[in-house]
Amino acid sequence: MIPYAIKLGGVLLASYACFALALDAAFAAAWFAFLRRRHWSSSELLALRLAPIAGAALLCATAVLPAFLCLEPAHRREPLGPGLLGLGSLAAVLIGAGIARAWRAGAATRRLVRSCTAGRCERATAEGIEIVDVAEPLVAVVGALRPRVLAARRVLQSCSPEEFQGIVDHETAHIAAADNLKLALLHGCPDLIGALPFGAVLLNRWKAAAEFDADERAAGADRARRLALASALIKVARLAGRRESFDAAYVMAVACGEVEERVRRLLSGSPSSRRGSLRYALIGCALATPIAALPAYGALHRCIEFLVALR
């Protein structure tokens, strides 16, 4: 017979797997039906991507856990059925796969930093930008927990002071927004979407939006700064050609993403002041979930018993 605590752990893992798969499917259906057609900010895309796993964890913590603690007798000992064990194992695989993806991205980041800083390296600006001697025209925020800005010497030599300052402002905007830490969260999402090509599509969509947002925070409504940053993007993109790719690492590079569209937006005028209500809708759902779950404790406990007994 299985002890109470182990049974509780198995129930929570199995419940997480059920909720995560259901919410992943709902999100994917909504994305392909209508969400993908809208221009989302990076913060909105991050919230959408994390909503399924956050919702699954919230339901486990505020619905399944209290229902189990309130209605399951602590003295009851019973074997766990293969249905619950299978779902619990699936949850463990999803969590482990997310950790593995995050670890591989961290390893790729460490290799990139070692290769860039193996030669001569110096700090050239008050913001702490590190100038490195590398063949690639790298300009990027590298690292998740301790991000640092690396810039190739050839980029410094190719840009005017105003253009390079635009690059510096862009990269410091990434640091201020903790974009590399958000990138780590997206790499490590413990759900089925993270293991599918759809997850890579969402990741690239978020990175493109993050570049747009960093451009706007760096240049603001100042036309001279917008022109300087646009010019710098074109120069770095021409130096890079099509060789630059940092998809496997925690890197936000100035010339990554849709450079042509970014330049067009910078030259089009002042940034948009649109404020979305998505965050408030998600916060409202999160706050309402524990209250809405109260009348469902009995039904949830019956579902738990069904999973435990499922053969």
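Can you name the number of the only condition in (1) at pLDDT 90 or above; (2) of a type in the set (A, V, I, L, M); (3) in a loop (DSSP other than H, G, I, E, B) that Ala228 fails?
(3)
For Ala74, only one of the following conditions fails: (1) touching a residue at least 40 places away in the same chain (Cβ under 8 Å); (2) part of a helix (DSSP H, G or I). What is its number?
(2)
I'd like the full set of residues that are closer than 18 Å to Leu35 by Cβ, out of contact with any helix residue (DSSP H, G or I) (no Cβ under 7 Å at 6 or more places or on another chain) and surrounded by fewer than 18 Cβ atoms within 10 Å (Cβ to Cβ), limited to region 175-226.
Selection gives Leu196, Pro197, Ala200, Val201, Asn204, Ala208.
Within region 195-225, restricting attention to residues that are under 22 Å from His170 (Cα atoms) and outside any helix (DSSP H, G or I), which residue is farthest from the chain's Cα centre (by Cα)?
Filtering first and then ranking leaves Asp222.
Can you go through Leu50, Leu84, Leu112, Leu80 and tell me which one is out of contact with any Cys (no Cβ under 6 Å at 6 or more places or on another chain), under 30 Å from Pro147 (Cβ atoms), modelled with pLDDT under 90 and among the aliphatic types (A, V, I, L, M)?
Among Leu50, Leu84, Leu112, Leu80, only Leu112 is out of contact with any Cys (no Cβ under 6 Å at 6 or more places or on another chain), under 30 Å from Pro147 (Cβ atoms), modelled with pLDDT under 90 and among the aliphatic types (A, V, I, L, M).
Residue-by-condition table, conditions (1) at pLDDT 85 or above; (2) among the polar types (S, T, N, Q); (3) closer than 30 Å to Ser158 by Cβ; (4) in contact with a Ser or Thr (Cβ under 8 Å, 6 or more places away or on another chain):
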site: Ala195; (1), (2), (3), (4): yes, no, no, no
site: Ala214; (1), (2), (3), (4): yes, no, yes, no
site: Arg217; (1), (2), (3), (4): yes, no, yes, no
site: Asp222; (1), (2), (3), (4): yes, no, yes, no
site: Ala232; (1), (2), (3), (4): yes, no, yes, no
site: Pro271; (1), (2), (3), (4): no, no, yes, no
site: Arg275; (1), (2), (3), (4): no, no, no, no
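So which residues in region 122-166 are within 18 Å of Ala228 (Cα to Cα), at pLDDT 85 or above and over 26 Å from the mean Cα position of the chain (by Cα), if there are any at all?
Matches in region 122-166: Arg154, Val155, Leu156, Gln157, Ser158, Cys159, Ser160, Pro161, Glu162, Glu163, Phe164, Gln165.
Is there any pair with a first residue in region 18-29 that is over 14 Å from Leu59 (Cβ atoms) and a second that is assigned to a helix (DSSP H, G or I) whose Cβ atoms are under 8 Å apart and which are 6 or more apart or on different chains, and what are they?
Matching pairs, first to second residue: Phe27/Leu48; Phe27/Ala51; Phe27/Pro52; Phe27/Ile193; Ala28/Ile193; Ala28/Phe198.
Would you check if Ala92 is at pLDDT 90 or above, among the aliphatic types (A, V, I, L, M) and either over 22 Å from Met252 (Cβ atoms) or not in a helix (DSSP H, G or I) (or both)?
Here the answer is yes, as Ala92 does meet what is asked.
Could you check how many residues of region 148-170 are under 20 Å from Arg114 (Cα atoms) and either surrounded by 20 or more Cβ atoms within 10 Å (Cβ to Cβ) or in contact (Cβ under 8 Å) with a residue 60 or more places away in the chain (or both)? Break it down into steps so the answer makes sense when it comes.
Start the filter on region 148-170 by keeping residues that are under 20 Å from Arg114 (Cα atoms), which leaves 148-155.
Those still in the list that are either surrounded by 20 or more Cβ atoms within 10 Å (Cβ to Cβ) or in contact (Cβ under 8 Å) with a residue 60 or more places away in the chain (or both) too: 149-152, 154-155.
Selection size over region 148-170: 6.
The values are calculated or read from the model by the stated rules, or taken from the named source; none is laboratory data. None of these values were measured; they are calculated from a predicted model. Neighbour counts run over all protein chains shown; Cβ positions are idealised from the backbone, glycine included.
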